């Protein structure tokens, strides 16, 4: 594997257009295997395949494009450095998102007030049975309450309702069982309802 210092996101992007076509037909497992063997082009294809998704996930935590670009590069560099530790029993996508999520949590701890969500986040979370959440009038209220939640509840909510990840994907990213993910989502939604009810009261 080439030294990390030679691997930059801009360098990948600059060469992907002319080198990625034959690799587009390969699955993630094959690309990872090739990258672990020192084939940088295969890793470039993985970057091309997932950089938008990683960027969206990180934006939920960072909220600023400049910070997101830095976090994206750090995510892919860390993943590249750790390819030898990747367990092929799991999907590369969820393994990569776990790295991105860990970086995002670090940002969330430092800059919780900057997290933003897509316009559908509020309406999708408020479809639950909690009356207080259903009655929330503004997405800003929900965001403010979410940012006060413990990370064990806020992170699953971000992954589920901002990125539409499945329970299984969230479980893999957070190293939890599916029932544990569902439990945290249920508990987190209930805590959000209580916070919003207090604010409105």
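In this simple spin-label approximation, residue 198 and residue 180 carry label points 7 Å from Cα along the Cα→Cβ vector, and these lie 2.7 nm apart.
Which value in nm describes the separation of the simple spin-label points at residue 26 and residue 81, placed 7 Å from the Cα toward the beta carbon? Placing both labels 7 Å along Cα→Cβ, they lie 2.4 nm apart. The distance between label points at residue 106 and residue 152 comes to 2.3 nm (points 7 Å beyond Cα on the Cα→Cβ vector).
Test of understanding: what is the full-extension gain from residue 69 to residue 164, defined as 0.36 nm times their sequence separation minus their Cα-Cα distance? Please list the in-between numbers first.
Numbers: separation 95, 0.36 × 95 = 34.20 nm, distance 2.18 nm.
32.0 nm is the gain from fully extending residue 69 to residue 164.
Values in this text are rule-based calculations from the coordinates and carry no lab data. Because the structure is predicted, anything quoted here is derived from the model rather than measured. Here Cβ is always computed from backbone atoms with ideal geometry, including for glycine, and neighbour counts include all displayed protein chains.
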